[in-house]
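The values are calculated or read from the model by the stated rules, or taken from the named source; none is laboratory data. Predicted model, so just to flag it, every value in this text is computed and none were measured. Please note: Cβ atoms are built from the backbone with ideal geometry, for glycine as well, and neighbour counts cover all protein chains shown.
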Amino acid sequence: MQRNDADTWSATAKAFHWGMALLILAQIALGLLAVSWRLSPTKLDLFVWHKSTGMVILALLALRLAWRLSHRAPGLPWEMPLWERAGARVSHFLLYALMLALPLTGWVISSASGVPFRIFWTIPLPALAAADKALADLFATIHAWLVTLLALVLAAHVGAALRHHYVKKDKVLARMLPWSTT
């Protein structure tokens, strides 16, 4: 299995990072599209895609966490101030927490709505809660706030990466780029 080294992330880490980033962006788009679409078979299909993608993200998160816990991360540049190191740790923790919380809250919404769900129309997903409109509404509100928080954390994450690359001119972003061996 590939290992990170002191200066860069391995191909496995990069694949997890960019693959999940693309899925999360698609997930946000699917969710926004699904909630805004008029009631129709297409709207129902959009929700199936949204919920199914959420379950894929949850499964990949489990694999990513297992991989990450068994592979040491490359060190941050020695000249990076403590506040930036703390910010990086907090933002990464929040990203992992949100990648867990969003699919789980979505699963509760689906369960409490009382509508049976099959991942990609084939794999049945057990209910996490009994049908309860108040619970579904509460978790829908929580889910929406978590999406907003995710958007803010992602903006900070991308902004910090671009700042490192274009302003500080260090290798923080370059070492996670898929084509980079830095």
task: Among what's in the range 165-182 and is within 22 Å of the chain's Cα centre (by Cα) and not in a loop (DSSP other than H, G, I, E, B), pick the residue that is surrounded by the most Cβ atoms within 10 Å (Cβ to Cβ).
output: Arg175
- prompt: Any chance the range 72-80 includes a residue that's surrounded by fewer than 17 Cβ atoms within 10 Å (Cβ to Cβ) and in a helix (DSSP H, G or I)?
  reply: no
message: Is it the case, given these coordinates, that Ala59 is modelled with pLDDT of 95 or more, more than 22 Å from Thr148 (Cβ to Cβ) and under 18 Å from the mean Cα position of the chain (by Cα)?
response: yes
- prompt: From the residues in the range 7-28 that are surrounded by fewer than 13 Cβ atoms within 10 Å (Cβ to Cβ) and modelled with pLDDT of 95 or more, which one is nearest to Gly75 (Cα to Cα)?
  reply: Leu22
field: Pairs with Cβ under 6 Å, 6+ apart, first in the range 113-132 and under 15 Å from Ser52 (Cβ atoms) and free of Cβ contacts under 8 Å to residues at least 40 places away in the same chain, second exposed (fewer than 15 other Cβ atoms within 10 Å of the Cβ) and of a type in the set (Lys, Arg)
entry: Pro124/Arg118
message: Tell me yes or no: at least one residue of the range 157-166 is at pLDDT below 95, within 26 Å of Gln2 (Cβ to Cβ) and not small (Gly, Ala, Ser).
response: yes
message: Checking the conditions here, which among Arg38, Arg3 is at pLDDT 95 or above, out of contact with any helix residue (DSSP H, G or I) (no Cβ under 8 Å at 6 or more places or on another chain) and basic (Lys, Arg)?
response: Arg38
message: Can you find a residue that is out of contact with any Gly (no Cβ under 8 Å at 6 or more places or on another chain), surrounded by fewer than 15 Cβ atoms within 10 Å (Cβ to Cβ) and among the aliphatic types (A, V, I, L, M) anywhere in the range 50-62?
response: yes
- prompt: Which of the residues belonging to the range 140-164 are over 26 Å from Thr8 (Cβ atoms), of a type outside the set (A, V, I, L, M) and surrounded by 15 or more Cβ atoms within 10 Å (Cβ to Cβ)?
  reply: His143
- line: Taking first residues from the range 13-32 that are without any contact (Cβ under 8 Å) to a residue 24 or more places away in the chain and under 10 Å from His50 (Cα atoms) and second residues anywhere that are among the β-branched types (Val, Ile, Thr) and surrounded by 19 or more Cβ atoms within 10 Å (Cβ to Cβ), the pairs with Cβ under 9 Å that are 6 or more apart or on different chains are Leu30/Thr53
- request: Might you let me know whether the range 49-60 holds any residue that is in contact with a Phe, Trp or Tyr (Cβ under 7 Å, 6 or more places away or on another chain), over 28 Å from Lys14 (Cβ atoms), of a type outside the set (Phe, Trp, Tyr) and assigned to a helix (DSSP H, G or I)?
  value: no
task: Kindly indicate whether Ser110 is polar (S, T, N, Q), at pLDDT 95 or above and closer than 27 Å to Thr12 by Cβ.
output: no
message: Contact list please: Cβ distance under 7 Å, first residue in the range 36-48 and without any contact (Cβ under 8 Å) to a residue 24 or more places away in the chain, second residue part of a helix (DSSP H, G or I), pairs at least six apart or on different chains.
response: Trp37/Lys43; Trp37/Leu46; Lys43/Ala34; Leu46/Leu30; Leu46/Leu33; Leu46/Ala34; Phe47/Ala34
